[in-house]
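Below you'll find the structure, written out as structure tokens, and then a few comments.
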Amino acid sequence: MVLRVDRTMVYQECLSVSLACPVEQTIYGYYPSLGLNAFFVAIFALLALIQTGLGIYYKTYFFGSLVVAGCIAEVIGYGGRIMLNDNPYSGLGFNIQISCLIFAPSFTAAAIYVVFKSVVRTFGVAKSRIPPNWYLIIFMVCDVIALTLQGTGGGLAGSANDDQKQLDAGTDVMLAGIIFQVITMLVFIVLVIDYATRTIRSWDQVSEEAQLLSRLLLTRLFLCAMIIAILTVFTRCIYRIAEMAGGWANPIMRDEIGFTIMEGIMIVIAVLAMTICHPGYCFPAVGGRQLSKNGHQNNQPIERVEQTYEVDHMSKERKTSAH
């Protein structure tokens, strides 16, 4: 059977490339680069190993598990594209890469929500529109919804074979999941900007210890890494909307260079930023601990640090009153 998708002839019943079934008539229209996809498999596998080690060492288990899960999904997804390099008509390869690469960044986004909750707890909850824990609850729930939609849509599209209705349905569900994720991230970005603006404008109300932490290079690097991760994941999601909205085999979908930059490189930058500036040593509050005033890790739990700070502050006030 031959389907016409956006004026491009796509041969659905071909099993491999031949004179009757040219590579140009696959959905992507090319042999996915073996070198590029092998690179992404290697880099995400390496980042997963590093994140595992850092997560165990610094006890950032939840954050680490989310990033590692995303990296593993990326590795599997690019493995599927390597299968397509061997055979562009591989149904299994197509199913693997379309499903895994679509939802993998959802884990990276969830990791960002986890660290921002700790940022709010550290610099003060007064200027936050919602309680710190709600960032995790609300946006994680939205992430699960987006992930479910994307995974379901990818599964439907990947198993459609010559069923045009199922293919279209899968595409629509997948696109809905991506759009939902973009809206979720947009709301999150607005809340981040609002919190940062309100906190900076009332900086004198921020605790002394938080002000000291903000002057440390590690803290600033971590906050920059979080911003980079947010923007790159968001940029990737915008690209995916444009790619999927045009239908299967559209020019954007058939542009491997564009895919490599907007999908692969964007997520590499996001995960790399959160690995180089890992919260374990840049912002230990994510692991339930704090940095001391000299920039080293303080092994006391956050609650204990806060109590110590309050006692010291009260002591200073009493000494001042005595004088």
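The values are calculated or read from the model by the stated rules, or taken from the named source; none is laboratory data. Keep in mind that this is a model prediction, so the values were computed, not measured. Note: ideal-geometry Cβ built from the backbone for every residue, glycine included; neighbour counts use all protein chains shown.
Key figures
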{"item": "Answer from PHE123, PHE107, PHE116, PHE94 - the residue that is farther than 19 Å from ALA242 by Cβ and touching a Ser or Thr at 6+ places or on another chain (Cβ under 6 Å)", "result": "PHE123"}
{"item": "Residue match in segment 85-106 (condition: closer than 24 Å to PHE234 by Cα and at pLDDT 95 or above)", "result": "no"}
{"item": "Subset of segment 42-67 that is buried (at least 21 other Cβ atoms within 10 Å of the Cβ) and among the β-branched types (Val, Ile, Thr) - its residue that is modelled with the lowest pLDDT", "result": "THR60"}
{"item": "Considering residues of segment 253-270 that are among the β-branched types (Val, Ile, Thr) and touching a residue at least 12 places away in the same chain (Cβ under 8 Å) only, the residue farthest from PRO88 (Cα to Cα)", "result": "ILE269"}
{"item": "Residues of segment 117-138 that turn out to be touching a residue at least 12 places away in the same chain (Cβ under 8 Å) and part of a loop (DSSP other than H, G, I, E, B), as a count", "result": "6"}
{"item": "Helices (runs of 4 or more DSSP H) completely within segment 179-259 that count 2 or more residues being out of contact with any Ser or Thr (no Cβ under 8 Å at 6 or more places or on another chain), surrounded by 14 or more Cβ atoms within 10 Å (Cβ to Cβ) and of a type in the set (A, V, I, L, M, F, W, C)", "result": "217-245"}
{"item": "Residue among SER90, SER106, SER159, SER99 that alone is surrounded by fewer than 22 Cβ atoms within 10 Å (Cβ to Cβ), touching a helix residue (DSSP H, G or I) at 6+ places or on another chain (Cβ under 6 Å) and closer than 30 Å to TYR31 by Cβ", "result": "SER90"}
{"item": "Residue satisfying condition, being surrounded by fewer than 22 Cβ atoms within 10 Å (Cβ to Cβ), among the basic types (Lys, Arg), at pLDDT below 95 and closer than 24 Å to ILE183 by Cβ, within set ARG129, ARG121", "result": "ARG129"}
{"item": "Test for TYR30: is it touching a Pro at 6+ places or on another chain (Cβ under 9 Å) and either modelled with pLDDT under 95 or not in a helix (DSSP H, G or I) (or both)", "result": "yes"}
{"item": "Condition broken by GLY80, with the remaining ones in (1) within 29 Å of ARG254 (Cα to Cα); (2) without any contact (Cβ under 8 Å) to a residue 12 or more places away in the chain; (3) more than 19 Å from the chain's Cα centre (by Cα) satisfied", "result": "(2)"}
{"item": "Members of segment 36-63 found to be β-branched (Val, Ile, Thr) and touching a residue at least 24 places away in the same chain (Cβ under 8 Å), listed by number", "result": "VAL41, ILE43, ILE50, THR60"}
{"item": "Criterion violated by MET274 - all others in (1) buried (at least 18 other Cβ atoms within 10 Å of the Cβ); (2) modelled with pLDDT under 95; (3) among the aliphatic types (A, V, I, L, M) satisfied", "result": "(2)"}
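Every residue, every condition in (1) of a type outside the set (Asp, Glu); (2) at pLDDT below 90; (3) more than 24 Å from PHE222 (Cβ to Cβ), yes or no:
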site	(1), (2), (3)
TRP248	yes, yes, yes
ILE261	yes, no, yes
VAL268	yes, no, no
GLY280	yes, no, no
GLN290	yes, yes, no
ASN299	yes, yes, no
THR308	yes, yes, no
LYS319	yes, yes, yes
